[in-house]
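Undergrad: Encoded as structure tokens, here's the structure I'll be asking about.
The values are calculated or read from the model by the stated rules, or taken from the named source; none is laboratory data. Note that this is a predicted model, so its numbers are computed, not measured. Don't worry about glycine lacking a Cβ; one is built from the backbone with ideal geometry, like all the others, and counts go over all protein chains shown. In case anyone asks, the SASA skips ligands and DNA or RNA and just uses the protein heavy atoms, side chains included. Shrake-Rupley method; radii C 1.70, N 1.55, O 1.52, S 1.80 Å.
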Amino acid sequence: MKETKATTGSEFDSSGTYLFLYEDPAQRMNPLASISVAAGFTRDNEVTVDLPEDFPLGPPSAAARLFLDLVRIWQPDAARFMTISAIRARMGKGYVSHAAYLAWVSAKAHDQVPAVEGERMAPFGEGQLFVAREWTLPGILALHEELGPEELGRPKVQDPPSFPDGYPTELDGLDSEIVWGSGPTG
């Protein structure tokens, strides 16, 4: 793990953990997990984790456990696990939602965010884990459309959430409930 940029300041907008996977080998040298926390519009902390070429992301339940480990460490207000292809496809939709392969939203920082038919929800710490039911690019875009615009709002001051040891029991059996493939999920 290497720190690529760090700045500090007294301003605060929100903290977020974003795990981006560059699924196309032409887009990156190695798989990359980019974790960033916003502190105002021009200030952020960013850590980049370079993963080996053959990093075994595994099935959705394994990806969810890795994602929740990062959320537990970083203690954000919101977090998303996305591929770069899904981010690019969603950008043209003109509004924001928590649609992602995996998302976590702090109940301390945001109003209750309900789940929709295209996702599963499980409590985790002081927030909710959202798991898309279809891990394909069309599935993520359909989930984005189903959620519609979301106004998550932002707290004036961060109140870091706490997390339990272990993982939600809802992750057991998750792999058989999610439409996913063994290749890139772009």
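Undergrad: On full extension of the chain, what length is gained from VAL116 through SER162, given 0.36 nm per residue of separation minus the C-alpha to C-alpha distance? List each step's numbers first, then the result.
TA: Values: separation 46, 0.36 × 46 = 16.56 nm, distance 2.51 nm.
14.0 nm is the gain from fully extending VAL116 to SER162.
Undergrad: Same structure again: How would you classify region 57-186 from its alpha-carbon gyration tensor, with a ≥ b ≥ c the square roots of the eigenvalues: rounded for a/c under 1.5, else prolate if a/b is greater than b/c, otherwise oblate? Walk me through the numbers on the way to the answer.
TA: On the way: a/c = 1.75, a/b = 1.13, b/c = 1.55.
It comes out oblate by the Cα gyration axes.
Undergrad: Out of PRO164, TRP104, ALA86, whose Cα points farthest toward the positive end of the dipole of region 53-166 (charges: +1 Lys, Arg; -1 Asp, Glu; placed on Cβ)?
TA: ALA86
Undergrad: Add +1 for every Lys or Arg and -1 for every Asp or Glu among the other residues with Cβ under 14 Å from the Cβ of GLU146, and state the total.
TA: Working: positive: ARG90, LYS93, ARG120, ARG133; negative: GLU117, GLU119, GLU134, GLU145, GLU150.
Summing Lys/Arg as +1 and Asp/Glu as -1 gives -1.
Undergrad: With all protein chains present, calculate the accessible area of ASP111 using a 1.4 Å probe and round the result to the nearest 10 Å².
TA: 130
Undergrad: Turning to a different aspect of this structure: Placing unit charges on C-beta atoms (Lys and Arg positive, Asp and Glu negative, everything else neutral), compute the dipole magnitude of region 73-153 about its Cα centre in debye, rounded to 20.
TA: Working: 7 positive and 10 negative charges, 62 e Å.
I would put it at about 300 debye.
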